[in-house]
Amino acid sequence: MDKVQSALQTLGLTPSEKGGSLGASFFGSGEVIESFSPADGRSIGGVQAVTRQEYLRIVSSAQEAFRYWRKVPAPQRGEIVRQIGLALRKYKEPLGILVSYEMGKIYQEGLGEVQEMIDMADFAVGLSRQLYGLTIASERPNHRLMEQWHPLGPVGIITSFNFPVAVYAWNAFVAAVCGDPVVWKPSEKTPLCAVAVQKIIGDVLKENNVPEGVFTLAVGGREVGEWISEDPRLPLVSATGSIRMGRIVGQKVAARLGRTILELGGNNAAIVTPHANQDLALRAIIFGAVGTAGQRCTTTRRLILHADIYEEFLEKLLKAYQQLRIGHPLDETVHIGPLIDEQAVQVYLRALDTVREQKGRFLLEGGRMADMPSPYYVSPSIAEMPEQMPITCEETFAPLLYVMKYHDLEEAIELNNAVPQGLSSAIFSDNFQECEYFISPEGSDCGLANVNAGTSGAEIGGAFGGEKDTGGGREAGSDSWKAYMRRQTNTINYGKDLPLAQGIKFDF
Ligand code: NAD
């Protein structure tokens with residue numbers, strides 16, 4: 001039995017997940033979404049989508065579960081998430097294989113995604129004993145002013161294909177310790193990863209007699225995402241994906257005065273100054289540009305090089321690209337797997353034509369590769385751009401790196417900021433002033449600004465997200481949890497008088 005079959009078996013996934021209720025999972029009776037591996041084009045299995053009626057029932061079950069879950073003390077909610085973290089440790093390898101095979105990222109990155117889930121579980125467990133509010137000095141005698149954080153309600157989570165499990169964990173584990181049930185609509189391109197995660201969680205819920213409605217799954221296409229956006233029973237929708245999707249979801253949720261966390265596309269630049277440790281910069285830029293075949297929101301898409309090191313650095317970069325191995329993502333000697341599907345290949349090939357039309361010059365011209373296990377393998381490209389062009393302002397979800405030249409740091413930062421997206425950015429320099437300037441208020445306008453570390457590969461401890469068209473959301477670490485709770489300000493008078501704020505007199 002090959003690795004994939006044995007992973008599917010360990011995860012309890014039969015070749016075709018059609019209908020039925022398995023553990024806490026909920027599968028619909030709607031159309032079958034067939035999942036194809038981009039690695040070899042083979043069908044892995046089908047998952048039935050939910051119908052409208054089934055969706056309505058799922059959200060009702062989450063609402064019902066909310067009445068129970070919000071009363072469970074937060075540290076006890078954390079205990080459930082702790083056990084989920086333990087279960088994920090147990091299934092790390094088979095789930096890592098499934099992520100790699102269904103999404104196409106290399107096995108090491110598949111394992112990394114599951115590790116990110118485990119890290120998020122650990123973080124959420126700690127958080128479950130915190131969730132602290134403030135006590136504020138009151139202007140009135142014998143008064144206490146304070147803030148508390150209460151659970152918000154069921155949260156809709158819409159996720160993208162490129163992080164089929166980790167992005168869910170950023171949201172779901174934090175939401176769960178905050179007291180919010182979740183309704184997960186995974187990408188229709190990676191439904192089996194979602195089913196596998198749902199089963200792992202379902203077993204933990206069952207062992208602890210937690211109602212299934214706390215973690216629910218609603219597999220389906222974009223219409224399920226639309227139902228979530230329009231559903232007033234979901235006070236918060238966290239949506240990860242393209243800017244196009246975020247604009248629609250953002251407007252729909254805003255129309256019903258709901259809240260959103262939007263994690264949308266990036267167009268991330270790395271600046272290399274004459275003071276950079278070039279070997280370090282080179283490693284970070286290559287991982288950033290070609291890792292996950294350029295299908296990360298934080299992928300390095302633009303390289304901004306100082307004129308003094310321009311030729312030298314490009315020479316090293318091109319040499320290093322020659323060493324990259326492209327192939328089956330489960331082959332552990334490979335650095336780059338396939339793109340997700342034919343549409344993604346077409347978008348890449350069209351972008352290469354556009355680069356040519358928009359004054360770009362290829363230093364390395366990639367394209368579709370022949371004689372690979374599927375038609376979705378592409379080789380990476382590097383294009384020199386004389387200036388910012390419409391194509392360099394777009395996110396092409398593929399291994400396409402633009403190179404630009406700069407003369408002074410202000411100009412480099414202007415280039416960094418001159419795109420509609422604002423997710424990640426990096427500077428490579430051993431010069432203190434340059435580094436501080438880059439992360440100062442006049443520097444990078446992105447949600448993530450790194451010094452001597454690449455644009456991709458964030459840790460979960462920090463708040464993750466970006467500005468401008470990236471949507472402004474923050475997820476994972478730091479105080480991102482506050483978005484999943486409602487703040488309540490309490491004024492408590494423990495005296496016998498009724499002094500009014502601002503010294504107002506109202507005697508009668
Ligand atoms: P996508 O926008 O095509 O789909 C994302 C999800 O949204 C899917 O579940 C999809 O079914 C759903 N969806 C699509 N249209 C919808 C609509 N009108 N209403 C509601 N839901 C809808 O994105 P994708 O191709 O899966 O993912 C790639 C994109 O995600 C890239 O732009 C990438 O930068 C972005 N991304 C961002 C982050 C981040 O944290 N900022 C993380 C990962 C991916």
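What follows draws every value from the coordinates through simple rules; no lab data is involved. Note that the structure is a prediction, hence the values are computed from the model and not measured. In this analysis, Cβ positions are derived from the backbone assuming ideal geometry, glycine residues included, and neighbour counts consider all displayed protein chains.
Using the alpha-carbon positions of region 351-508, Rg (one decimal) and Dmax (whole number) come out as 24.5, 90 Å.
For region 291-352, the list of GluC sites (Glu not before Pro) that fall in a loop by DSSP and count at most 15 other C-beta atoms within 10 angstrom reads 332. Peptide packing: for 394-404, 186-196, the average count of neighbouring Cβ atoms within 10 Å per residue gives the ranking 186-196, 394-404, highest mean first.
Note on region 208-272: Rg/Rh from Cα positions, Kirkwood definition for Rh, rounded to two decimals, is 1.11. Spin-label pair residue 331-residue 5: with each label point 7 Å from Cα along the Cα-Cβ axis, the two points sit 2.1 nm from one another.
At a Förster distance of 45 Å, what's the computed FRET efficiency of residue 501 paired with residue 280, Cβ-Cβ distance as r, to 0.05? The formula returns an efficiency of 0.20 here. Rounded to the nearest 0.05, the FRET efficiency derived from the C-beta distance between residue 60 and residue 482 at R0 = 22 Å is 0.20. Annotation: amide H of residue 366 within the under-5 Å range of 381, 382, sequence separation 5 or more or interchain, hydrogens built in the peptide plane. Across the chain, the relative contact order, built from alpha-carbon pairs under 8 Å that are at least six residues apart, equals 17 percent. The stretch between residue 226 and residue 79, if pulled fully straight at 0.36 nm per residue, gains 49.6 nm over its current Cα-Cα span. How big is the gap, in Å, between the Cα center of region 321-396 and the Cα center of region 458-484? Each part reduced to its Cα centre gives a spacing of 29 Å. The convex hull defined by the C-alpha atoms of the chain has an orientation-averaged projected area of 27.2 nm². Among the DSSP helices (H) of the chain, those spanning at least 27 angstrom by Cα along their long axis with an average Kyte-Doolittle hydropathy of -0.5 or more are 107-127; this is a geometric and hydropathy rule only. Full extension of the segment from residue 349 to residue 311, taken as 0.36 nm per residue of separation minus the current Cα-Cα distance, would add 11.0 nm. For the chain, DSSP calls about 40 percent of its internal beta bridges antiparallel.
For region 297-360, the list of trypsin sites (Lys or Arg not before Pro) that fall in a loop by DSSP and count at most 14 other C-beta atoms within 10 angstrom reads 325, 359. The mean of 1/r over all pairs of different alpha-carbon atoms in region 142-222, once inverted, gives a Kirkwood hydrodynamic radius of 13.7 Å. Counting only DSSP beta bridges whose two residues both lie in region 268-464, roughly 15 percent are antiparallel. Per-residue extension of 0.36 nm, minus the Cα-Cα distance of residue 459 and residue 251, leaves a gain of 71.9 nm for this segment. Taking each DSSP H run with n ≥ 4 as -39500 (n - 2.57) and averaging over every residue of the chain yields -11500 deg cm²/dmol at 222 nm. Spin-label pair residue 433-residue 68: with each label point 7 Å from Cα along the Cα-Cβ axis, the two points sit 6.4 nm from one another. Computed log10 I(q)/I(0) for region 145-300 at 0.19, 0.20, 0.21 Å⁻¹: -1.13, -1.21, -1.29, from the Debye equation with unit scatterers placed on every C-alpha and solvent omitted. The Cα trace of region 268-464 gives Rg and Dmax of 16.0, 50 Å, the first to one decimal, the second as a whole number.
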